[in-house]
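A.B. asks: Dumping the structure here so I can ask a few things about it.
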Amino acid sequence: MNEEYDVIVLGTGLTECILSGIMSVNGKKVLHMDRNSYYGGESASITPLEDLYKRFNLPGTPPESMGRGRDWNVDLIPKFLMANGQLVKMLLYTEVTRYLDFKVIEGSFVYKGGKIYKVPSTEAEALASSLMGLFEKRRFRKFLVYVASFDENDPRTFEGVDPKKTTMRDVYKKFDLGQDVIDFTGHALALYRTDDYLDQPCQETINRIKLYSESLARYGKSPYLYPLYGLGELPQGFARLSAIYGGTYMLNKPIEEIVIENGKVVGVKSEGEVARCKQLICDPSYVSDRVTKVGQVIRVICILSHPIKNTNDANSCQIIIPQNQVNRKSDIYVCMISSAHNVAAQGKYIAIASTTVETADPEKEIKPALDLLEPIEQKFVSISDLFAPTDPGTESQIFISRTYDATTHFETTCDDIKDIYKRMMGSEFDFEEMKRKKNDIYGEEEQQ
């Protein structure tokens, strides 16, 4: 403990573990501590099932019908990975993929008028889909062709649209798309949680739809991947990476004080000893005086003994309920996985519904999602505060991650990682650069 480090990291949530791995690969001396006895912080996977019952203060133990407790790995925060997204790139560049196995999620569904429909994943599916009428399909196809050929560096692909000025609302008008199609494009393809994007420049939305299509093109069933044994495997993979590059890990370390001198962090005190550092990375729970509450998320973990109705008996899927369909400002999401991913006992399914809290009765807000899942064998409800840093870290050199939001994928988490990296290092995070650095420091031969 009584040593000097370049960076100390507190908390083993995914954001912290990825940054810890990146810093180690960059040749920095890293000490990584967590007050908990397990990896993952807020984004842990809980096993055995008995621990989940304890965590949510449910009386008694799981019934026999739940199978062996050890067969369960239940994510506290449900998210999938976009096959072509930023997190997969980080996994590939850092070679953390060697510690993980992924499976493709079997389908993505969208809610319309009380029913769920498969989000079309191919042109043939789009033409056969009952989400749209015949003429609507033709217009939608034209729109998709436009998006696919759109290249922000080639004005010939713009067709009179200015990516930095034209709003997305106007792009939809240009293709004469109706409200239902707009709902499903903005929320199930571009994966926006609200409708604020409609009046913003269209470039971001077009790029999001491209990411969705490119991710989908890689595996065909859906654009999402999920690790066997649960999301808790991700932080552990990055922890191993950090350890290979000389990082030090300590679990079960109570953090007594973050030591500050002249407004700048100089170390962390734990069990009477002080480890010194130049920079500190941590999650909001370690620095309650430097964060502000920006909202709440409700998540309901549901254990089922059946696949979700109208999903063609998929053993994994995502369902998006666009806010418009249920008179809300933000979407409701459902992520469903099962024993196929080694996270539940044989024949059992875990569906996790989540949304941003908008009223004083969050359980009522999430009801449309739970109605799709009935009958539910056991529910675990959590309402979490969302925190964002009030201290950018420029002076203090304390860099604080944001709480994981209600989205069902990791793109926003990766944006946060890149933002923290930039504040710490003064330069943009660049995947290629990271690969080169790693080769410079550790040589290319060893990495074959």
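A.B. asks: Considering amide H positions built from the backbone, and no H for Pro or chain starts, which residues 5 or more places from LYS103, or on another chain, come under 5 Å of its amide H?
C.D. replies: Correct list: TYR226, LEU228.
A.B. asks: Assigning unit charges at the beta carbon (Lys, Arg +1; Asp, Glu -1) and nothing else, what dipole magnitude in debye, to the nearest 20, does the range 119-218 show about its Cα centre?
C.D. replies: Dipole magnitude for the range 119-218 comes out near 180 debye.
A.B. asks: Follow-up. Place a point 7 Å from the Cα of ASN262 along the Cα-to-Cβ direction; which residues of the range 272-298 have their backbone N under 17 Å from it?
C.D. replies: Backbone N within reach: 277-279.
A.B. asks: Oh, and also: For the range 119-218, what is the accessible area per residue in Å², given a 1.4 Å probe and the full set of protein chains?
C.D. replies: 52
A.B. asks: Another question, then. Taking 2.2 N^0.38 Å as the expected size of a compact globular protein, what ratio does the Cα radius of gyration of the range 160-292 give against it, to two decimals?
C.D. replies: 1.63
A.B. asks: Could you state the number of Å between the C-alpha centres of the range 248-295 and the range 169-196?
C.D. replies: A separation of 43 Å, based on Cα centres.
A.B. asks: Still on this model: With r as the distance between the Cβ atoms of ASN327 and THR61 and R0 = 41 Å, compute the FRET efficiency 1/(1 + (r/R0)^6) and round to 0.05.
C.D. replies: The formula returns an efficiency of 0.55 here.
A.B. asks: Report, to the nearest whole %, how much of the accessible area of the chain belongs to carbon and sulfur atoms, 1.4 Å probe, protein only.
C.D. replies: Summing carbon and sulfur atoms, their accessible area is 47 percent of the total for the chain.
A.B. asks: Report, in whole Å, the centroid distance computed from the Cα atoms of the range 107-144 and the range 10-47.
C.D. replies: Here the answer is 41 Å between Cα centres.
A.B. asks: Sticking with this one: Ranked highest first by the average count of other Cβ atoms within 10 Å around their residues, in what order do 106-117, 129-140 fall?
C.D. replies: 106-117, 129-140
A.B. asks: Between ILE383 and THR122, take the C-beta separation as r, use R0 = 35 Å, and let me know the FRET efficiency to the nearest 0.05.
C.D. replies: 0.35
A.B. asks: How high is the relative contact order of the chain? Use alpha-carbon pairs under 8 Å, at least six apart in sequence, and give a whole percent.
C.D. replies: About 24 percent, as a whole number.
A.B. asks: Next up: Using C-alpha positions alone, give me the convex hull volume of the chain per residue in cubic angstrom.
C.D. replies: Roughly 157 Å³ of hull volume per residue.
A.B. asks: Based on the Cβ-Cβ distance from HIS306 to GLU152, what FRET efficiency comes out when R0 is 41 Å, to the nearest 0.05?
C.D. replies: 0.35
A.B. asks: Treating only the Cβ atoms of Lys and Arg (+1) and Asp and Glu (-1) as charged, compute the dipole magnitude of the chain about its Cα centre; round to the nearest 20 debye.
C.D. replies: Value, rounded to 20: 900 debye.
A.B. asks: Under 1.5 on a/c is rounded, so check that first for the range 96-187, then, if it is not, pick prolate when a/b is larger than b/c and oblate when it is not; a ≥ b ≥ c are the square roots of the alpha carbon gyration tensor eigenvalues.
C.D. replies: Oblate is the answer for the range 96-187, as a/c is 1.5 or above yet b/c matches or exceeds a/b.
A.B. asks: Right, next: Give me D for the range 49-97 in µm² s⁻¹, whole number, from Stokes-Einstein with Rh from the Kirkwood sum over alpha-carbon pairs, 4 °C and 1.567 mPa s.
C.D. replies: The estimated diffusion coefficient comes to 95 µm²/s.
A.B. asks: Further, regarding this structure: With the contact rule set at Cα under 8 Å and sequence spacing of 6 or more, what percent relative contact order holds for the range 119-218?
C.D. replies: Normalised by residue count, the contact order of the range 119-218 is 29 percent.
The values are calculated or read from the model by the stated rules, or taken from the named source; none is laboratory data. Predicted, not measured: the structure shown is a model, and the values here were computed from it. Neighbour counts are summed over all protein chains in view; Cβ atoms, including those assigned to glycine, are modelled from backbone coordinates with ideal geometry. What goes into the accessible areas is simple: the full protein's heavy atoms, side chains included, and nothing from ligands, DNA or RNA. Shrake-Rupley method; radii C 1.70, N 1.55, O 1.52, S 1.80 Å.
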